[in-house]
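Down below is the structure, laid out as structure tokens.
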């Protein structure tokens, strides 16, 4: 289905050919779409070390309060580029009384004060609004959500943590080494029953575990593109986040031109094609006609099987998923999937079609065609649909699609991202949900293992979800169902619903406007600068292959406390290592006593074992640290790092970071992003200490291999901590203690 080529290729006459090893590729690299877009946004004057400024920014209501608070503390006066604040993540307002709506009111007041664009709750999900209103061929958009992907419209979107948005709001840059570019060469046409999620899951399954595209840009080219409607392209593109790539962009054509024209933005279209002879660092070839309906098992989109294979080997595959899950679940919680096998068939409990990946018009129309004249049943199985924006929902209503689905027993719900991260439609305990959403990480669907709960999600395309609903919960491939494909439609976009409800304030900042602060909105606590030496006390040691940001700071109802750093921090690692918060607070208490000049016996004992004088503690900060083999896959939410920092965290130690954005979040919150060699083994335990003498000077000098001592109950051993690739700004941020301190220091200077 999918073929990988590790070596470089050149696109000649529209077809890829292997690049000779001795060929000069310096000019050929400049012929990609990616190069031209990046270079047009790069102000560094260095084509290899990029300093990017984006055309616009976008955030949702989990992140924008903290971003604005940070930017305000750093000297913000007005938004220099269009900044969109959507309200699609905490729209239910069911947790904590007024706090969710208080944050929404804060967002509107910030849009008025600083000149922003405010999209009220249930009007549009973040990425659909960006597609409809902000995208443009050759543009770049930075978002504080990991699924910031608009490549199908010729727009490079990058999802990062909030501090990177803050940098742009303060007219600073996004700094990165020039990324490798991977050619994604599409041929063929999708077969009956296959949708965008099927292609996306097949791609994730092929490239995630081997890191083939990690931190690279995917450039989609090839004759297969013309066979894909826009919603199909968008559905593949948004899921590229799950491959761990940095960004994506597609060649544009008449379908894209028609898309912009339908949205009243004809001038935002231009043809984007690579020049003949363009060089790519590697290649992925996808024959669209070979893709089958897919299913990604818990707990990652890359755990992809064809539905046919899953049905034929259900017992073995489900049992292996149960075994793999034991590595990710804490306590006595056990995932039970084999229980879903009944009379040789897999029976599921819930279906969801929603959000930036599933809730597209074409997906919902296909589901309606499959269910037309059938019933989803009155048993345990239920199916809910969440459209992505009011304009799309209006089309669904006008064309009778919503009516046909509701007549089949399908529930229609607001424009809301909740099911994707556990803030809506949480399944029952031990239930199995099939979803056309973006992720199926542990407990992301909203279950609480600390309360004895477990549920799970299999990712599938809307078409196979509808086919399963037609069989009232028996897992079914859309390829095995006869239905008439919906007639291709012309886009009809009613912008007036945005004109009536969205606040368009860019360029109209009013410094007299007061920010409306609800009682839950709190300022950030003071964060200390880096000390001469560092003593880290391990608060959690996790040996899972990957630790997601959803495990570091759970999503769902916990995110309602996003505007109160101390309250939110109390949920850190609560679903993966519930003892973490207590350990981190114990370490923070040691540091508080040390800072006040009273050296606790525990710290004096460590100094004695290191044969160092007690006075060494005067210049040695004490902070907690976590070790995880590969932390940071998933969401761009900076809270995964900031919550550790608020609790007194000073470092992450790992074999490698799962994503650039999580490593950046650690740096921007002043936490040292250490790596260690895999052969180190890291068989240490919570409560063990790591002493790093001269850490401040090491950061200043740019040292990348830093000797340290590990102090355990069994003895003292040496370890080398790696601190590689820090830019000058990143070094200064760490030295200052966090990005806010960095900006405060520059403001005072």
- Query: Restricting attention to segment 145-163, which residues are in contact with a strand residue (DSSP E or B) (Cβ under 8 Å, 6 or more places away or on another chain) and in a loop (DSSP other than H, G, I, E, B)?
  - Reply: 145, 146, 147, 148, 149, 154, 160
- Of the residues 215, 210, 172, which is on the phi > 0 side of the Ramachandran plot and either part of a loop (DSSP other than H, G, I, E, B) or buried (at least 22 other Cβ atoms within 10 Å of the Cβ) (or both)? 215
- Task: Could you figure out which of (1) out of contact with any helix residue (DSSP H, G or I) (no Cβ under 8 Å at 6 or more places or on another chain); (2) surrounded by 14 or more Cβ atoms within 10 Å (Cβ to Cβ); (3) over 28 Å from residue 559 (Cβ atoms) isn't true of residue 507?
- Result: (2)
- residue 267 fails exactly one of (1) in a helix (DSSP H, G or I); (2) in contact with a helix residue (DSSP H, G or I) (Cβ under 6 Å, 6 or more places away or on another chain); (3) under 28 Å from residue 133 (Cα atoms), namely (2)
- Query: What residue, among those in segment 645-670 that are closer than 15 Å to residue 162 by Cα and more than 14 Å from the chain's Cα centre (by Cα), is surrounded by the fewest Cβ atoms within 10 Å (Cβ to Cβ)?
  - Reply: 667
- Taking first residues from segment 74-100 that are at positive phi and second residues anywhere that are modelled with pLDDT of 85 or more, the pairs with Cβ under 8 Å that are 6 or more apart or on different chains are 75/170; 75/743; 93/100; 93/101; 96/520
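A quick yes/no check of all residues on (1) farther than 21 Å from residue 88 by Cα; (2) crowded, with 24+ Cβ neighbours inside 10 Å; (3) in contact (Cβ under 8 Å) with a residue 40 or more places away in the chain; (4) out of contact with any helix residue (DSSP H, G or I) (no Cβ under 6 Å at 6 or more places or on another chain):
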| position | (1), (2), (3), (4) |
| --- | --- |
| 126 | no, yes, yes, yes |
| 130 | no, yes, yes, yes |
| 134 | no, yes, yes, yes |
| 139 | yes, no, yes, yes |
| 148 | no, yes, yes, yes |
| 152 | yes, yes, yes, no |
| 156 | yes, yes, yes, no |
| 161 | no, yes, yes, no |
| 166 | no, yes, yes, no |
- Query: Are there any pairs with C-beta distances below 7 angstrom linking a residue in segment 602-614 that is touching a residue at least 40 places away in the same chain (Cβ under 8 Å) to a residue that is surrounded by 12 or more Cβ atoms within 10 Å (Cβ to Cβ) and part of a helix (DSSP H, G or I), with the two at least 6 apart or on different chains, and if so which?
  - Reply: 603/590; 603/594; 603/617
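Looking only at segment 559-572, decide whether some residue is farther than 30 Å from residue 660 by Cβ and touching a helix residue (DSSP H, G or I) at 6+ places or on another chain (Cβ under 6 Å). Steps first, answer last, please.
Applying the first criterion (farther than 30 Å from residue 660 by Cβ) to segment 559-572 yields none.
Looking for residues that are farther than 30 Å from residue 660 by Cβ and touching a helix residue (DSSP H, G or I) at 6+ places or on another chain (Cβ under 6 Å), one finds none in segment 559-572, hence no.
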- Task: Could you please find all residues in segment 428-439 being part of a loop (DSSP other than H, G, I, E, B) and surrounded by 24 or more Cβ atoms within 10 Å (Cβ to Cβ)?
- Result: 437, 438, 439
- Item | Verdict on residue 172 being without any contact (Cβ under 8 Å) to a residue 60 or more places away in the chain and either touching a strand residue (DSSP E or B) at 6+ places or on another chain (Cβ under 7 Å) or farther than 20 Å from residue 358 by Cα (or both) | yes
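Can you find even one residue in segment 671-683 that is surrounded by fewer than 22 Cβ atoms within 10 Å (Cβ to Cβ), assigned by TED's automatic domain parsing to the domain that holds residue 566, out of contact with any helix residue (DSSP H, G or I) (no Cβ under 6 Å at 6 or more places or on another chain) and closer than 25 Å to residue 743 by Cα? Walk me through how you get there before you give the answer.
Going residue by residue through segment 671-683, those that are surrounded by fewer than 22 Cβ atoms within 10 Å (Cβ to Cβ) are 675-683.
Next cut, assigned by TED's automatic domain parsing to the domain that holds residue 566 only: 675-683.
From what's left, out of contact with any helix residue (DSSP H, G or I) (no Cβ under 6 Å at 6 or more places or on another chain): 675-683.
Going one step further and asking which of them are closer than 25 Å to residue 743 by Cα, we end up with none.
Scanning segment 671-683, I find no residue that is surrounded by fewer than 22 Cβ atoms within 10 Å (Cβ to Cβ), assigned by TED's automatic domain parsing to the domain that holds residue 566, out of contact with any helix residue (DSSP H, G or I) (no Cβ under 6 Å at 6 or more places or on another chain) and closer than 25 Å to residue 743 by Cα, so the answer is no.
The values are calculated or read from the model by the stated rules, or taken from the named source; none is laboratory data. As the structure is a computational prediction, the values presented were derived from the model and not from experiment. When we count neighbours, we look across all protein chains shown, and the Cβ atoms used for this are built from the backbone with ideal geometry, even at glycine.
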